[in-house]
Every structure is written in C-alpha cells, then in structure tokens.
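For reference, the structure discussed in these notes is given below.
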Amino acid sequence: MYGVSPYFTFDIDERTRSRISYKVKGSDYQGYSHDDTYSDSMVHSFGASVERDLTELFTMGIAASADLRSYEKEEGENHYDHYKLSLLSKYRFSERTKLRFSVSTDQFYENEVNDDSDTTRSVNVSAGANYAVNEHCGLDVFIGTGDQTTFDESGTLGFDLTWKEETWNVAGGYKKDVTSGARGYDLNRDRVHLTAEYLASERLLYGVQGVYVYSDQTDTDDNDDERYTYYGMEPYLQYEIIKNSFIKAGYSYGVYTDRDADRDITRNKVYVMYTMTFPYEK
C-alpha cells in the first residue's frame, strides 16, 4: 500500500480561508486471489473549499470533492466514483456553545465489468453542537442523514466527550450509522471509541486507544447478509525531537469476527512514524 496527500491552505483575507487538497492511494494484494474481498485498487481524491466569517459569530462555507476509485477483480477493472458538493454554516450561540449545519448533495457512479452502470444521487442534511462544560471538559453531539464527512465524522448520530488536564487527556464517544449505500446495501453500524494520553515529560507522551464496532450489512441485490464485530487496541509512544518534530511508535492489535461464518481474523501491526509541521513560530 502506498499513498500521498498534499494540500494547500491560503488565507484570502482576515475573514476568508481556502483549502485545496489531492490524495492518491494504491493497494496491491500479493498472494491473494482477486475476489470480492481482496482486489487491487487505485484511488484519486480531489477537494476544494472556501470558508468566510460573515460576522464575528456566523461563518459560511462551500466545499466540493471527487473520489475516483478503480479496482481489479477476476473479470477485469471496475470503477466507482463519488462526487459531492456541500454548504456549511457555523454559529457561536454563546461563549460555551457552537452550532453547525450542513447540506450536501452526492452522486455515486459505478461501472462494473459485464454489468450495466449504476448512478445514485442523494441529499444529506446534518447538524451538530459543541458545548464547553468547563475549562477541562467538552461535549460534541451530532445528527444527520447519510455521510457526515463535512464535519470529519463517521455516523448519522452520536456524541464525543473529552476531558483535558495539564498532563493527561481522555476522549471517548459513540457513533451510529444507519445508511443505504450505492451498491444496494443497508448498513447499521455501532461504534464505541476511547483514547487516553499522558504527558510524562515535556517531550515524551504515552497513549492508548481502543475501538469496538458492531455491524450488520444487508445486500439487497445479492440477497446476502454480512454481520461482523471488530475490536482493537493500540498503545503508542510519541517523542518530540525538536519543536514541532515528532517520532511515534506503536503496536496495533485487532480482531475481526464474522458472526455468520463464526470465524475470527486477527490483525497485528507495528509501526514507526515521523511527522513535522512547518513553518512554526519560535
């Protein structure tokens, strides 16, 4: 697997911000047959957005994106494209409460080998609120229809709760998906997540995160059900080498359970990652 995702942000003026992004990601499965589960794929994603503060309390924005995916199966190459246009608004209701609302239109286009092309359109509406309980605790709730990528959320309803102290922080929440996909399936998914971090020194940070997912997916075209459970845990260490320059190492353990076939798939991953942000203020 390989990928790169450059992006560019620009402040047009004191009240207007813009962003342009591009991402390419490729996957090449070796040692597996090209069936519905394992298939080589290539994804190109394009995105652009503009956001403006109309007043000190109210912000409006517009975003457009395109995800172009191709993947290989035994019959040949298939294409699955997703285009999206979103309108976003944010409003500071009070010193502690921020509200947000978005409307988006989506178009899915799928062209499979030896099959007719399929086009699906949808309109999604979502809303959310962020409330600062006190200087340490924050609560975020949201509800919507379909995809919530405008707010970088995955789910149609849920909440996130965070608690931050000087040397540690804890974040957790619950999200639920009740959606219908372009390929003719109904998805019902519940997800619980928890993250805890501890700052041992000015440069060294310990962390652990866990997730539990319970999912039911029904394919109306193939009359096929897919029911699975997934849970995983990931401890990690992060060290700041110099200002805004970090090295991170971790271990990830996950178990995927197919409830229909009554079998488990275990996944282990060890990684080392280096990140740097620039420019920065001294």
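Condition check ((1) at pLDDT below 90; (2) under 24 Å from Asp106 (Cα atoms); (3) of a type in the set (Lys, Arg); (4) not in a loop (DSSP other than H, G, I, E, B)) across all residues:
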| position | (1), (2), (3), (4) |
| --- | --- |
| Asp13 | no, no, no, no |
| Gln30 | yes, no, no, no |
| Glu56 | no, no, no, no |
| Ala66 | no, yes, no, yes |
For the stretch 79-100, does any single residue satisfy the condition of being open to solvent by less than 40 Å² (accessible area, probe 1.4 Å), in contact with a helix residue (DSSP H, G or I) (Cβ under 6 Å, 6 or more places away or on another chain) and modelled with pLDDT of 85 or more?
-> yes
Out of the stretch 50-64, which residues are open to solvent by less than 40 Å² (accessible area, probe 1.4 Å) and within 24 Å of Asp81 (Cβ to Cβ)?
-> Gly61, Ala63
Going through the stretch 231-258 in order, the residues found to be open to solvent by 80 Å² or more (accessible area, probe 1.4 Å), closer than 23 Å to Tyr174 by Cβ and either out of contact with any Asp or Glu (no Cβ under 8 Å at 6 or more places or on another chain) or aliphatic (A, V, I, L, M) (or both) are Tyr231, Met233
The one condition Ala261 fails out of (1) modelled with pLDDT under 90; (2) of a type in the set (Gly, Ala, Ser); (3) surrounded by 11 or more Cβ atoms within 10 Å (Cβ to Cβ) is (3)
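The values are calculated or read from the model by the stated rules, or taken from the named source; none is laboratory data. What you see is a predicted model, and the numbers here were worked out from it, not measured in a lab. With ideal geometry, Cβ positions are generated from the backbone for all residues, glycine too; neighbour counts draw on all protein chains shown. Protein only, heavy atoms only, side chains kept; ligands, DNA and RNA dropped before computing areas. Shrake-Rupley method; radii C 1.70, N 1.55, O 1.52, S 1.80 Å.
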